[in-house]
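Colleague: For reference, the structure I am asking about is given below.
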Amino acid sequence: MSLFKILTRVLAVVGKELISIVRRPGALVSLVIGPFLIMALFGLGYSGYRRPLATIVVVPPQSGLPTDTDTYAKVAGEGLQIVDVTPDEASAMDRLNHQQVEVVLVAPADIQSRFKEGLRTPIDLRINVTDPVEQSYAVFLGRGLEAAINRTVIEQAVEQGTGYAIAKGITVAARISPDVIAAPTEVNLENLAPSQPTVVQYFGPAVLALILQHMAITLIAISLVRERSSGLLELFRTSPISTAELVTGKLIAFAIFSGVIATVTVTLLVYGFGAPMLGDPGHLALVVLLLIGASLGLGLLVAAVSDSEPQAVQLSLLLLLASVFFSGFVLAIDQFSEPVHSMIYALPVANGIRLISDFMFRGGTVAVWQIWMLGALTVAYIVGAWLLLRRVMARA
């Protein structure tokens with residue numbers, strides 16, 4: 001069998017697939033423009049900041065604590081919005097139970113006496129949320145509020161002690177303010193990252209990787225399943241074309257199409273949304289090519305195990321759902337425990353998101369092993385699909 005004949009058959013498959021794609025201009029426009037319309041709406045609607053939790057402070061009358069909202073607003077910070085200060089604990093709890101507020105802070109009635117006795121005073125922080133992330137956020141804010149209250153108490157104690165010392169003639173005590181004694185250190189934050197993308201820019205590589213994987217899997221899987229259901233595979237079985245030539249032609253065709261989509265998407269990200277591009281474009285192109293290759297191989301596997309076009313679509317959607325939850329798009333991968341943590345990297349998009357983000361925002365990556373992982377996934381998925389498709393074509 002001459003190389004020219006093999007090349008001719010492969011290019012025939014490539015041309016057939018590209019023509020079938022070009023004949024559907026609406027799909028092309030939706031694949032390119034659709035994601036960016038979604039990103040634009042996301043950028044307009046998402047501020048990147050959490051809404052402060054509505055909070056009621058319950059202050060017992062005998063506690064001697066301030067009863068104005070401004071005092072507690074300064075202590076609570078930006079995460080808690082003090083909507084009311086009241087002595088009525090029952091009404092505050094009623095509003096919490098009816099989800100009118102998210103947090104009720106109950107101040108103790110004997111904070112000063114317990115402090116003088118050398119005892120810690122518990123402060124009740126009550127929340128009414130079902131979201132575990134919101135629960136952790138409320139606990140975090142509660143810890144910050146605890147530290148702020150402790151600092152206020154220390155300042156008051158130091159101020160009283162300083163006044164007593166000055167009255168006794170110890171003037172050196174006036175040199176250090178109560179605020180410095182209560183909080184002798186402060187944090188100066190310095191971000192050493194080479195770029196600080198906005199929220200929309202930061203999610204751009206993740207959207208790109210997710211689109212490329214889902215598009216590659218869906219298109220090549222549906223193409224193969226449709227040919228099998230229409231009887232084309234049986235025709236291929238009687239023709240000189242081999243399984244390897246058929247698979248190679250489809251891989252090349254859909255890789256070209258996906259590469260064009262990736263190029264247009266990256267261009268829009270950089271020049272349309274102003275996303276940083278600090279890395280070598282060649283390195284980024286290599287990562288995108290490996291991501292497309294691994295995704296096409298996974299799509300071939302989907303086609304090999306699917307009996308119908310609806311089943312192929314369902315499997316593609318299941319992979320999309322798994323990618324959204326496990327790839328780092330929503331939750332960081334390091335938040336998952338073993339063995340799920342290691343299994344996640346079998347998804348091409350899990351490696352693509354990290355690598356594309358690193359090359360665009362950092363100029364390089366320390367996770368070189370993920371480039372090798374994408375290469376290994378590409379080979380494993382394509383070879384596995386080729387072996388399965390050989391059996392499918394033999395039965396056609």
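Colleague: Taking the condition exposed (fewer than 15 other Cβ atoms within 10 Å of the Cβ), in contact (Cβ under 8 Å) with a residue 12 or more places away in the chain and within 23 Å of HIS283 (Cα to Cα), does GLY352 pass? Quick ask: steps written out before the conclusion?
Modeller: Details: exposed (fewer than 15 other Cβ atoms within 10 Å of the Cβ): no; in contact (Cβ under 8 Å) with a residue 12 or more places away in the chain: yes; within 23 Å of HIS283 (Cα to Cα): yes.
When the stated conditions are applied, GLY352 does not pass them.
Colleague: Something else: Among the numbered criteria (1) in contact (Cβ under 8 Å) with a residue 60 or more places away in the chain; (2) over 30 Å from TYR271 (Cβ atoms), which one does ALA346 miss?
Modeller: (1)
Colleague: Quick one: PHE115 ticks every box in (1) open to solvent by 40 Å² or more (accessible area, probe 1.4 Å); (2) in contact with a Ser or Thr (Cβ under 9 Å, 6 or more places away or on another chain); (3) modelled with pLDDT of 65 or more bar one, so which box is it?
Modeller: Of everything listed in (1) open to solvent by 40 Å² or more (accessible area, probe 1.4 Å); (2) in contact with a Ser or Thr (Cβ under 9 Å, 6 or more places away or on another chain); (3) modelled with pLDDT of 65 or more, PHE115 misses just condition (3).
Colleague: Applying the selection to region 244-299, what residues are touching a Phe, Trp or Tyr at 6+ places or on another chain (Cβ under 7 Å), among the aliphatic types (A, V, I, L, M) and in a helix (DSSP H, G or I)?
Modeller: ALA244, LEU246, VAL247, LEU268, LEU284, VAL287, ALA294, LEU296, LEU298
Colleague: Given the criterion modelled with pLDDT under 70, open to solvent by 70 Å² or more (accessible area, probe 1.4 Å) and farther than 18 Å from ALA73 by Cα, identify the matching residue among PRO132, PRO122.
Modeller: Sole residue among the options that is modelled with pLDDT under 70, open to solvent by 70 Å² or more (accessible area, probe 1.4 Å) and farther than 18 Å from ALA73 by Cα: PRO132.
Colleague: Within region 59-83, how many residues are open to solvent by 50 Å² or more (accessible area, probe 1.4 Å) and either on the phi > 0 side of the Ramachandran plot or modelled with pLDDT of 85 or more (or both)?
Modeller: Residues that pass the stated criteria total 2.
Colleague: For PHE329, only one of the following conditions fails: (1) within 24 Å of MET277 (Cβ to Cβ); (2) over 19 Å from the mean Cα position of the chain (by Cα); (3) surrounded by 15 or more Cβ atoms within 10 Å (Cβ to Cβ). What is its number?
Modeller: Among (1) within 24 Å of MET277 (Cβ to Cβ); (2) over 19 Å from the mean Cα position of the chain (by Cα); (3) surrounded by 15 or more Cβ atoms within 10 Å (Cβ to Cβ), the lone unmet condition for PHE329 is (2).
Colleague: Still on this structure, please answer the following. Report whether or not VAL379 is β-branched (Val, Ile, Thr), open to solvent by 30 Å² or more (accessible area, probe 1.4 Å) and at pLDDT 85 or above.
Modeller: Numbers: β-branched (Val, Ile, Thr): yes; open to solvent by 30 Å² or more (accessible area, probe 1.4 Å): yes; at pLDDT 85 or above: yes.
Considered against the rule, which asks whether it is β-branched (Val, Ile, Thr), open to solvent by 30 Å² or more (accessible area, probe 1.4 Å) and at pLDDT 85 or above, VAL379 comes out as yes.
Colleague: Being over 30 Å from ALA332 (Cα atoms), at pLDDT 70 or above and surrounded by 12 or more Cβ atoms within 10 Å (Cβ to Cβ) narrows it down to one of ALA107, ALA90, ALA138, so name that one.
Modeller: Going through ALA107, ALA90, ALA138 in turn, just one is over 30 Å from ALA332 (Cα atoms), at pLDDT 70 or above and surrounded by 12 or more Cβ atoms within 10 Å (Cβ to Cβ): ALA107.
Colleague: If you don't mind, another one. Scan region 336-349 residue by residue and report those that are modelled with pLDDT under 90 and either surrounded by 15 or more Cβ atoms within 10 Å (Cβ to Cβ) or not in a loop (DSSP other than H, G, I, E, B) (or both).
Modeller: Of everything in region 336-349, those that are modelled with pLDDT under 90 and either surrounded by 15 or more Cβ atoms within 10 Å (Cβ to Cβ) or not in a loop (DSSP other than H, G, I, E, B) (or both) turn out to be PHE336, VAL340, HIS341, SER342, MET343, ILE344.
The rows are residues; the columns are (1) open to solvent by less than 40 Å² (accessible area, probe 1.4 Å); (2) more than 20 Å from the chain's Cα centre (by Cα).
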| site | (1), (2) |
| --- | --- |
| ALA294 | yes, yes |
| ALA303 | yes, yes |
| ASP334 | no, no |
| ALA367 | yes, no |
| VAL383 | no, yes |
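The values are calculated or read from the model by the stated rules, or taken from the named source; none is laboratory data. Values in this document were obtained by computation on a predicted structure and should not be read as measured data. Neighbour counts are summed over all protein chains in view; Cβ atoms, including those assigned to glycine, are modelled from backbone coordinates with ideal geometry. The area values use the complete protein model at the heavy-atom level, side chains included, leaving out ligands, DNA and RNA. Shrake-Rupley method; radii C 1.70, N 1.55, O 1.52, S 1.80 Å.
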